[in-house]
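Trainee: Input: one structure, supplied below.
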Amino acid sequence: MAAAPLRDDQRIILHFDYDCFYASVFEAEQPILKTLPLAVQQKQIVVTCNYEARRRGLRKLQLIKEAKQVCPDVVIVLGEDLTKFRDASKDLYLFLRGFVWGERVEKLGFDEIFMDVTDMITYNAGLLNSNDLANSFFHLDKQDPTVGFAFDATTVYGPTYPVESEATLSEADSHLYLKLRLASHLAGYLRGQLEDQKGYTATVGISTSKLLAKVVGSVHKPNSQTTLLPPYGSAKGHESNVLSFLDSREIRAIPGIGSKLSRKLISYVTTSNQSVDEDKVTVRDVRLTPGVGPSLLEKILGGPGAPRDIGMRFWRLLHGVDNTQVGEARDTPTQISIENSYGYLNDFEAVRKEMLSLSASLIRRMRMDLTKSHSDPEGSASQGPELRERTGVRWLARPRTLRLSTIPRPTPGSDVTQTRSYSRISHSAPLPQYVFNLDESVDALAERLVQEAAIPMFRKLHRERTGWNLRVLNLAVTNMAEAAGDGKHNSGRDISKMFQRQETEHKYISSAHISAGQNTSVPQSSPTVASEASWESDGEEENMPCVPCTICGAMIPHFALLAHKLYHSSSKNY
Ligand code: TTP
Ligand code: MG
């Protein structure tokens, strides 16, 4: 007998977060590293480390010097060239996307993926034999009924929140429970495939929205998953698990509540109720503060630059209401940007050289990510440029705009120095068409781009002949025009994008420099591409003096703040 019909307005969403992502990329290349404590270094910082290293006391965003003291046999690998992370991220995205029906698979930064699996779940729920749920088969292919896996539909796969649900469920919640059980098995299967076929582990959250899937996913880390169990609605005799779950989270763990806004909320809540610990303000503390509702939130959070209806949007987030769709899968990034940071960059010839190196990386990246060879339906990333040119390559998307951004250090004595603020400034211009010429060498194109476009842009940004003392140079192509016939759009406006607007405002407030020994005149690293990602603190940095990141709200050790912001500072989304 077929199961009862399901409500079709409720989505089922999975959120994937790869475990210790950068470290895993090295481990996938050299599996022996899995057994050793491994740390990935950028500048003087451990940007991430594997779980063997974490077991031995290492933490993300720790100074290399400290990491070596804590664990003298730590293996340190350099992670400043982001090429391999970006390529692994794209490969894993395409791999996971291959299992999902429909186009709603969205990549966030390098190491997170949202997928809307509603269609697969509804289809499979409809085929269940309710007399023998324990011996069910999950179909991964509508055309071929042999493709899929066996599972027990009477139980949830993996951990749940809450651990056990005692509530008697309404009919709607029973249907939801069935869908979530199926989704938990799908998540378990996908995690298994990811590990067996690609060598990566991930942590997954399973619920009905991007917000809930992401937040519940962080409950059991690493290499695990968490399903948020029903009841989702409040009714007589039971409390909504959505509310009780969110209520127990710290306010800054909610995606989209960046540090600036959460500070405003925390200050309001702790002023109204002095018994609340300002380091642990929860969603419940905010929700139950007398008078808090959409209009008071609008008063607290609104103001110049704040998104429209911010009070109502927050009110909804605090109650777990998030109707944003998972964005449609796309084959090309929305922008590509290459950037590097410097201890001291003040001389025109050095700037020109740096722009040359950034331009060459940018053009190489455009060729990798924005072209497709006629014989290669997945794009041409796996081929060398020479081979691509021979086999016939076409552009999938052509960026229309070139943007140059810099972060100058403030001049001594200016007000800005006192507050240690650094602002990103940028200038955009149409991208010259010659960069799309695949017959020309990358170096020749880079030379021309710098001479004819980047230098004039730099002169517009910095009218003085010298004395800019640049901290960062960034070159990006944006404003993509997709070639006809390849129209897949990343249309989902999500909660985090709403707040990632802070990034485009290009206001970077740094409360400290990264590390000592920066007053050199040479670049401190090879060009890096930062990704637009939104991630939260995992609370591991408890004993370090931390400052909140103004972009994502994560608490970052002061010395790592600039590196962390560079990570956010430019974006490349699929
Ligand atoms: P995270 O998901 O925060 O970290 P992670 O995947 O390494 O570890 P976890 O198991 O806790 O999820 O970030 C993803 C990658 O982003 C991380 O591997 C390294 C990089 N990163 C930076 O480059 N700079 C930073 O400040 C942080 C926090 C991460
Ligand atoms: Mg991760």
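Trainee: For Arg59, all conditions in the list (1) open to solvent by less than 40 Å² (accessible area, probe 1.4 Å); (2) within 12 Å of ligand 1 (Cβ to nearest atom) hold save one; what is the number of the exception?
Mentor: For Arg59, the failing item is (1).
Trainee: Next question, about the same structure. Val215 fails exactly one of the following numbered conditions: (1) part of a helix (DSSP H, G or I); (2) open to solvent by 10 Å² or more (accessible area, probe 1.4 Å); (3) within 16 Å of ligand 2 (Cβ to nearest atom). What is the number of that condition?
Mentor: With (1) part of a helix (DSSP H, G or I); (2) open to solvent by 10 Å² or more (accessible area, probe 1.4 Å); (3) within 16 Å of ligand 2 (Cβ to nearest atom) applied to Val215, the lone miss is (2).
Trainee: Taking segment 192-207 as the region of interest, how many residues are surrounded by fewer than 24 Cβ atoms within 10 Å (Cβ to Cβ), more than 18 Å from the chain's Cα centre (by Cα) and touching a residue at least 60 places away in the same chain (Cβ under 8 Å)?
Mentor: Of the residues in segment 192-207, 5 are surrounded by fewer than 24 Cβ atoms within 10 Å (Cβ to Cβ), more than 18 Å from the chain's Cα centre (by Cα) and touching a residue at least 60 places away in the same chain (Cβ under 8 Å).
Trainee: Only residues that are farther than 26 Å from Met115 by Cβ, open to solvent by less than 30 Å² (accessible area, probe 1.4 Å), away from ligand 1 (no atom under 11 Å from the Cβ) and touching a Lys or Arg at 6+ places or on another chain (Cβ under 9 Å): list them for segment 17-52, please.
Mentor: Within segment 17-52, Pro37 is the sole residue that qualifies.
Trainee: Output yes when any residue across segment 129-144 is loosely packed, with under 15 Cβ neighbours inside 10 Å, part of a helix (DSSP H, G or I) and of a type outside the set (Asp, Glu), and no when none is.
Mentor: Within segment 129-144 (the criterion being loosely packed, with under 15 Cβ neighbours inside 10 Å, part of a helix (DSSP H, G or I) and of a type outside the set (Asp, Glu)), the answer is yes, since at least one residue qualifies.
Trainee: For segment 172-181, check the following and say yes or no: at least one residue is within 25 Å of Gly327 (Cα to Cα) and within 25 Å of the chain's Cα centre (by Cα).
Mentor: Yes, segment 172-181 contains a residue that is within 25 Å of Gly327 (Cα to Cα) and within 25 Å of the chain's Cα centre (by Cα).
Trainee: So which strands (runs of 3 or more DSSP E) are wholly in segment 396-455 and hold at least 3 residues that are at pLDDT below 90? Full working, then the answer.
Mentor: Details: elements: 397-408, 421-423, 425-430.
Passing ranges, in order: 421-423.
Trainee: Could you grab me the full set of residues in segment 310-345 that are charged (D, E, K, R) and touching a residue at least 60 places away in the same chain (Cβ under 8 Å)?
Mentor: Initially, segment 310-345 is screened for residues charged (D, E, K, R), giving 313, 316, 322, 328, 330-331, 339.
Correct list: Arg313, Asp322, Glu328, Arg330, Asp331, Glu339.
Trainee: Here's something else I'd like to know. Going by the conditions given, is Thr118 of a type outside the set (Phe, Trp, Tyr), more than 16 Å from ligand 2 (Cβ to nearest atom) and open to solvent by less than 10 Å² (accessible area, probe 1.4 Å)? Outline the logic, then answer.
Mentor: Values: of a type outside the set (Phe, Trp, Tyr): yes; more than 16 Å from ligand 2 (Cβ to nearest atom): yes; open to solvent by less than 10 Å² (accessible area, probe 1.4 Å): yes.
For Thr118, the condition - of a type outside the set (Phe, Trp, Tyr), more than 16 Å from ligand 2 (Cβ to nearest atom) and open to solvent by less than 10 Å² (accessible area, probe 1.4 Å) - is met.
Trainee: Tell me, yes or no, whether segment 169-182 has at least one residue that is out of contact with any helix residue (DSSP H, G or I) (no Cβ under 6 Å at 6 or more places or on another chain), assigned to a helix (DSSP H, G or I) and either within 26 Å of Arg86 (Cα to Cα) or small (Gly, Ala, Ser) (or both).
Mentor: Yes, because at least one residue in segment 169-182 is out of contact with any helix residue (DSSP H, G or I) (no Cβ under 6 Å at 6 or more places or on another chain), assigned to a helix (DSSP H, G or I) and either within 26 Å of Arg86 (Cα to Cα) or small (Gly, Ala, Ser) (or both).
Trainee: Please state which of the following conditions Leu108 fails to meet, knowing it meets all the rest: (1) closer than 19 Å to Val215 by Cβ; (2) open to solvent by 40 Å² or more (accessible area, probe 1.4 Å).
Mentor: Checking Leu108 against (1) closer than 19 Å to Val215 by Cβ; (2) open to solvent by 40 Å² or more (accessible area, probe 1.4 Å), the one that fails is (2).
The values are calculated or read from the model by the stated rules, or taken from the named source; none is laboratory data. In this text, all values refer to a predicted model and were calculated from it rather than measured experimentally. No Cβ is skipped: glycine too gets one built from the backbone with ideal geometry, and neighbour counts run over all protein chains shown. Just the protein is used for accessible areas: all its heavy atoms, side chains included, with ligands, DNA and RNA removed. Shrake-Rupley method; radii C 1.70, N 1.55, O 1.52, S 1.80 Å.
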